[in-house]
Amino acid sequence: MDFKDYYAVLGVSESASPEEIKKVYRKLARKYHPDVSKEENAGDKFKDVGEAYEVLKDPEKRAEYDELKKYGARKDGSFQRPPGWKSASGFGGGGYTEADAGQFSDFFEEIFGGGRRGGAGFGAGFGSQRHTMRMRGEDVNARLALPLEEAFQGCERQVSFNVQEADAQGRAVPRQKTLKVKIPAGMKEGQHIRLKGQGAPGVGGAESGDLFIEVEYAPHPNFTVDGSDILITVPITPWEAALGASITVPTVGSKVTLKVPKGTSSGRKLRLKGKGLPGKKPGDQLVVLQIVMPEQHSEDSEALYRELAEAEKAFNPRSKLLV
Amino acid sequence: MTDKNRTLSVELMEPSATFTLREVCERGDCHAEFVIKLVNYGVIAPMDETPEARQWQFDLQTLARLRKAQRLQRDLKMNLPGLAMSLELLDEVRDMQRQIDRLNNQLRGLLGEE
């Protein structure tokens, strides 16, 4: 087992005062709270910080930990509990903690353990203590990033999440569950779906909790989503812009023919009614046209452009810039 | 555990499921007073804000928001005004982040970058 350096987790020195530890903990808890932080592994960091604080805030536990750090930590970073070690401040003997010890590390359990208690999993692991004999299983929340096409058409996906289950000794242990889930067509970002009874099992014959899945869109190389509308930038040639044209434009999962009006400028927005996300009020697809040039022109083409320049001499696109 | 990677085929789902105040409290393991306070502070809102709390119905998004409020309150020891403001700011940050992603994507398209 690896030795956990709680001082390093909080980034404080071993001589830090209780006030300093509290201050640093509060700051880090705000920073890494999984509901606030966008950082990857914020949930794990939040848990580590909480565990470190749980030990270092309590003078008794801190003294025990300091003692262990002196004798129990080996040079290679591993840890072995000294023989005969028994925590005086542990949870086993009815010690009270506000935190959910069930979420803490094996290392913590080894030192102060004996009282691993139940808690719920919010993916990254939130929990609350419960001691009643009969109670409904905890709801579990999970997130699912869907490619736009699949959200549009509906799909079947595997979802993995953690639930807390009681083992034979009644201790809460995390278990990974994987379900195949049918996602209905037209899911919007931020929408939730519920799978009844797929959350944590109930205790004492009570019903299981539910699984809630929040849908997100995975970034798409061509489309962006704005509410129910879908945006795409479509390149056209200068002559298509000048003369008008019928072009093929992709929609999510299909394609349509779009009429580019004669004399179109770059940045012009065209609306394809009802081609956005499906729903009670289907969205539109907005096409932004962008004029692009070939990388190279032939001599013939350049001659034609020169002719064009001569014919359109009167046009000054920079008249608004007063030049 | 033997069925670590058990795969179940699940029929769906209720995107439009609603919950009464009582159900919300049971699921969230919280008191009705707490939920009512959150409604009064405008942190969450029932679908129809009738004066009679017993008739309130909450949708799934609201339930998720309530859980978030509970976690923030428990983990960061926030009071209600702080909670209300934090959740609003978090919403704003999320919306702005989405807007930035959208604009970046459009900009990439306009600049012809892959």
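The values are calculated or read from the model by the stated rules, or taken from the named source; none is laboratory data. It should be emphasised that the depicted structure is a prediction, and the values quoted were computed from it without experimental measurement. Positions of Cβ are backbone-derived with ideal geometry, glycine not excepted, and every protein chain shown enters the neighbour counts. These accessible areas exclude ligands, DNA and RNA; they are computed on the full protein's heavy atoms, side chains included. Shrake-Rupley method; radii C 1.70, N 1.55, O 1.52, S 1.80 Å.
Data overview
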{"read-out": "Protein-protein interface of region B:52-71, residues with accessible area decrease of at least 10 Å², isolated chain reference, 1.4 Å probe", "value": "B:Leu60, B:Gln61, B:Leu63, B:Ala64, B:Arg67, B:Lys68, B:Arg71"}
{"read-out": "Estimated inter-spin distance, A:Trp239 and A:Glu307, nm [label 7 Å along Cα→Cβ]", "value": "1.1"}
{"read-out": "Buried on assembly, region A:213-229 (at least 20 Å² less accessible surface than by itself, 1.4 Å probe)", "value": "A:Thr224, A:Val225, A:Asp226"}
{"read-out": "Nearest-0.05 FRET efficiency for B:Ser16 and A:Glu295, computed from C-beta distance (R0 51 Å)", "value": "0.45"}
{"read-out": "Accessible carbon and sulfur surface of region A:248-303 relative to its total accessible area, %, 1.4 Å", "value": "48"}
{"read-out": "Gain on full stretching of the segment that runs from A:Glu14 to A:Asp167 - 0.36 nm per residue minus C-alpha separation", "value": "51.3 nm"}
{"read-out": "Chains A and B together, accessible area buried on both sides, 1.4 angstrom probe, square angstrom", "value": "4000"}
{"read-out": "Per residue accessible area of region A:1-77, 1.4 Å probe, in Å²", "value": "59"}
{"read-out": "Inter-label distance, nm, simple model (7 Å from Cα along the C-beta direction), A:Ser160/A:Lys269", "value": "4.1"}
{"read-out": "Average beta carbon contacts from partner chains per residue of B:19-29, 10 Å cutoff", "value": "2"}
{"read-out": "Region A:140-217, accessible surface, carbon-and-sulfur percent (1.4 angstrom probe)", "value": "41"}
